[in-house]
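Asker: Got a structure here, written out as structure tokens. Questions coming.
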């Protein structure tokens with residue numbers, strides 16, 4: 001029976017899709033077989049069983065990630081680790097490859113899409129990534145899209161294992177009506193029909209498309225309101241656009257939100273919409289937020305990029321990025337014109353989400369740590 005060490009730069013309390021994905025997986029693995037090494041998180045962070053917190057990087061040495069190697073080495077010896085898992089391709093994968101080679105311990109690597117695309121574009125990084133992936137026992141990834149991207153780094157299909165991001169069972173907690181009504185009053189929403197986006201505020205998430213669509217929809221649905229949840233570098237530009245186009249009465253920026261606040265927003269919205277684009281520097285490898293909105297029975301609108309269509313799963317609306325504003329308008333009109341059909345679609349999506357379970361998704365990992373020899 002093997003004992004695995006997951007080494008990851010991305011882990012709660014940091015907030016993001018990868019962080020939640022790896023935390024969900026770790027929380028479901030047998031504690032006697034699974035240990036995590038994650039970055040320092042401050043003195044206020046409560047101790048979590050099976051999770052070591054260490055400094056990963058140093059500005060006084062090169063490579064900067066050498067402290068990570070030393071920290072991992074000590075944990076490997078202390079916990080008698082005999083399998084390594086890199087939470088990221090670079091630079092964690094480099095450290096894991098080094099440790100695995102030196103200690104003769106097999107390893108696997110998690111990939112998410114953008115990491116693979118970035119490595120494939122740079123000669124030196126591509127060679128390093130190809131070496132890491134070629135010598136990995138298996139390569140985990142999150143969608144068919146990211147699976148196909150791994151071909152750019154010459155990973156053979158039989159060594160790729162897809163483990164989709166799913167929701168934590170706690171996500172399905174009921175939100176009572178009093179809290180929903182309190183939120184409507186706080187945001188002065190009244191009886192507004194609500195569009196919602198939950199994401200980092202970066203250009204490629206496509207908020208501008210939705211604002212363009214909103215300008216047209218306001219003429220048909222004066223009570224429509226768009227809530228932009230999250231924060232990021234694009235926020236000042238979006239706020240300036242809203243001010244310039246006199247959309248302030250129809251748009252609310254929440255800033256950073258908690259998990260409870262996020263669930264509350266999903267519960268009060270009428271439509272979840274996030275219309276990302278692909279650019280040279282980033283891509284939507286899957287899209288957990290679509291699953292989250294569908295868990296609350298909401299119709300969703302996404303774009304045909306990356307792994308979005310797989311995340312939506314045929315129970316939502318997919319628009320083309322190049323025609324996004326017009327097609328968003330058409331989808332919203334369709335949903336508002338036939339609320340019964342929209343509710344049925346939302347219920348089917350909700351049933352799909354509830355039928356997904358981590359136990360079946362994690363079978364490849366369970367099998368991995370149950371083997372005496374890999």
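Asker: Percent of alpha carbon pairs in the chain separated by more than 34 Å? Display every interim value, and only then the final one.
Answerer: On the way: 22266 of 69751 pairs.
So the portion of pairs separated by more than 34 Å is 32 percent.
Asker: How are the alpha carbon pair distances in the stretch 41-95 distributed across 10 Å bins from zero to the largest one, expressed in percent?
Answerer: Percent of Cα pairs in each bin: 20, 49, 30, 1.
Asker: Can you give the FRET efficiency for residue 131 and residue 176, using 1/(1 + (r/R0)^6), R0 = 45 Å, r = Cβ-Cβ distance, to the nearest 0.05?
Answerer: 0.25
Asker: Roughly speaking, what is the stretch gain from residue 187 to residue 156, that is 0.36 nm per residue apart minus the C-alpha to C-alpha distance, in nm to one decimal?
Answerer: Contour length minus Cα-Cα distance gives 6.0 nm.
Asker: Please state the relative contact order of the stretch 170-355 as a whole percent: Cα pairs under 8 Å, 6+ residues apart?
Answerer: On the way: 297 pairs, mean separation 40.8, N = 186.
Value for the stretch 170-355: 22 percent.
Asker: Compute the Cα gyration tensor for the stretch 170-355, then decide on rounded, prolate or oblate, letting a ≥ b ≥ c be the square roots of its eigenvalues: rounded whenever a/c is under 1.5, prolate when a/b is larger than b/c in the other cases, and oblate in all that remain.
Answerer: rounded
Asker: Could you tell me the distance between the Cα centroids of the stretch 287-319 and the stretch 92-145, to the nearest Å?
Answerer: 28
Asker: Per 0.36 nm of contour for each residue apart, how much would the distance between residue 169 and residue 220 grow if the chain were fully extended, relative to their Cα-Cα spacing?
Answerer: Full extension of this stretch gives 14.5 nm more.
Asker: Moving on. Pairs of alpha-carbon atoms within less than 8 angstrom and 6+ residues apart define the contacts here; what relative contact order does the stretch 277-356 have, in percent?
Answerer: 33
Asker: A further question follows. Please say if the stretch 312-374 is rounded, prolate or oblate, where rounded means a/c under 1.5 for a ≥ b ≥ c the square roots of the C-alpha gyration tensor eigenvalues, and otherwise the choice is prolate for a/b larger than b/c and oblate otherwise?
Answerer: Judged from the Cα gyration tensor, the stretch 312-374 comes out oblate (a/c at least 1.5, b/c at or above a/b).
Asker: Given axes a ≥ b ≥ c from the Cα gyration tensor, I'd like to know whether the stretch 1-148 is rounded (a/c under 1.5), prolate (a/b larger than b/c) or oblate.
Answerer: In terms of gyration-tensor shape, rounded.
Asker: Counting other beta carbons within 10 Å of each Cβ, put 89, 66, 214 in order, fewest first.
Answerer: Arranged by neighbour count, lowest to highest, 89, 66, 214 become 66, 214, 89.
Asker: If I fit a long axis through the Cα atoms of helix 92-103 and take the longest principal axis of the Cα atoms of the chain, what angle between them do I get, 0 to 90°, rounded to 10?
Answerer: The helix 92-103 is inclined about 20 degrees to the chain.
Asker: Mind checking the angle between helix 235-244 and the chain's longest principal axis? C-alpha axes, 0 to 90 degrees, to the nearest 10.
Answerer: Taking Cα atoms only, the helix is inclined about 10 degrees.
Asker: Report, in degrees rounded to the nearest 10, the 0 to 90 angle that the Cα long axis of helix 339-355 makes with the longest principal axis of the chain.
Answerer: Approximately 10 degrees, to the nearest 10.
Asker: Can you tell me, using C-alpha contacts under 8 Å and at least 6 residues apart, the relative contact order of the chain as a whole percent?
Answerer: So the answer I get is 14 percent.
Since every read-out is calculated from the coordinates, none of them should be taken as a lab result. A quick note: this is a predicted structure, and the numbers were derived from the prediction, not measured. Positions of Cβ are generated from backbone atoms using ideal geometry, with glycine treated the same way; all protein chains shown enter the neighbour counts.
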